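Inspection log for the structure reproduced underneath, given as structure tokens.
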Amino acid sequence: MSDEDREVDGKPDQPTPLRGPDEGVPPHPEGKRPSVAADITALATGLKTTLGEFFSPAVTLEYPEDKSPRSERYRGRHYLRRYENGLERCIGCELCAAACPVGCILVIAAENTDDNRVSPGERYAKTYEINMLRCIFCGYCEDACPVQAIVLGPEYELSDTSREKFIYTKEKLLEPLPPDVQARLQTKAKET
């Protein structure tokens, strides 16, 4: 069979061997041969590392009782802040919702009145919701807010029993009233 007959579509039937039939196996390289002492030394070095880690103190935390510290820049659960006088910081500008890359924030604004003053601006957030299942905790909402109304706190234990409970409403997000403002509102409610 000639070389032309063995080629199919311009390709040889079998690959060309790396060595010719008369070349044989190459000789062993010259130099140090492995010894038993070198193998035992390598084994002892590996065991030294393993045993050093085995006898070092454990760093495991008992999680529910002991919690690992979080860095200052850690971004966890969202909070809506208030001013010291009890008014909400959120002015309903919806910049946080616009900055959110996954669209998990819903803000519906309403006008402030003299009878019902909620925030110091002209508007306030009538509805403020965050779908925590969609949130990626990027912090863009915090960066976009012109009055630092929304902040991401250090809380990271956010598990719950149903999907509906992961839609955080304004009531769940708002910080509690300062104690002096709360006492003033309670006395005002008793007088009326």
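Laboratory data are not the source of any read-out in this text; all were calculated from the coordinates shown. Given the structure is predicted, the values throughout are model-derived calculations rather than measurements. Positions of Cβ are generated from backbone atoms using ideal geometry, with glycine treated the same way; all protein chains shown enter the neighbour counts.
Scanning residues 5 or more positions from Lys126 or on other chains, those with amide H under 5 Å from its amide H are Ile108, Ala109, Ala110, with H placed 1.01 Å from N in the peptide plane.
Pull out a ≥ b ≥ c, the square roots of the eigenvalues of the alpha-carbon gyration tensor of the range 78-178, then state rounded if a/c is under 1.5, prolate if not and a/b is larger than b/c, and oblate in the remaining case. Prolate is the answer for the range 78-178, as a/c is 1.5 or above and a/b outweighs b/c. Could you state the angle between the C-alpha long axis of helix 36-54 and the longest principal axis of the C-alpha atoms of the chain, as a value from 0 to 90 degrees rounded to the nearest 10? Tilt relative to the chain: about 10 degrees. Inter-label distance, Val59 to Gln182: 4.0 nm, where each label sits 7 Å from its Cα along the C-beta direction.
Can you list which of the chymotrypsin sites (Phe, Trp or Tyr not before Pro) found in the range 29-94 are DSSP loop residues with at most 10 other C-beta atoms within 10 Å?
Phe55
Taking the C-alpha atoms only, the angle from helix 179-191 to the longest principal axis of the chain is near 40 degrees. Loop-located trypsin sites (Lys or Arg not before Pro) across the range 14-88 with a Cβ neighbour count of 12 or fewer within 10 Å are Arg19, Lys32, Lys67, Arg73, with loop assigned by DSSP. Distance between the 7 Å Cα→Cβ label points at Asp39 and Thr16: 4.0 nm.
Among Leu18, Leu87, Leu95, determine the one that fluctuates most according to a GNM of the chain built with springs between C-alpha atoms less than 10 Å apart. Comparing Leu18, Leu87, Leu95 in a Gaussian network model of the chain, the most mobile one is Leu18. Say a paramagnetic label sat at a point 7 Å from the Cα of Phe137, along Cα to Cβ; which residues of the range 57-74 have their backbone N under 19 Å from it? Correct set: 61-74. The modelled label-to-label distance for the pair Glu84/Ala144, using points 7 Å beyond Cα in the direction of Cβ, is 3.1 nm.
Gly46: net charge of surrounding residues, Cβ under 13 Å, Lys/Arg +1, Asp/Glu -1, itself excluded? Here the count lands on -1.
Entry note, the chain: the mean residue ellipticity at 222 nm calculated from DSSP H runs of n ≥ 4, each adding -39500 (n - 2.57), is -7000 deg cm²/dmol after division by the residues and rounding to the nearest 500.
Coupling constants for the range 92-109 follow from the phi torsions by the Karplus curve (6.51 cos²θ - 1.76 cosθ + 1.60, θ = phi - 60°), and in residue order they are x, 7, 6, 5, 5, 5, 6, 7, 5, x, 10, x, 8, 10, 10, 10, 10, 8 Hz; glycine and proline get x. Phi-derived couplings, Karplus 6.51 cos²θ - 1.76 cosθ + 1.60 at θ = phi - 60°, listed residue by residue for the range 81-91: 8, 10, 7, 5, 7, x, 6, 6, 7, 5, 9 Hz, with x used for Gly and Pro. Tell me the label only: which of [x] 1.00; [y] 1.45; [z] 1.03 is Rg/Rh (Cα atoms, Kirkwood Rh) as calculated from this structure? Recomputing Rg/Rh (Cα atoms, Kirkwood Rh) here picks out [y]. Charge tally around Ile105: other residues with Cβ under 15 Å, Lys/Arg +1 each, Asp/Glu -1 each, net +2.
Loop-located GluC sites (Glu not before Pro) in the range 79-142 (DSSP state other than H, G, I, E, B) with a sparse environment of at most 13 neighbouring Cβ atoms within 10 Å: Glu84, Glu122.
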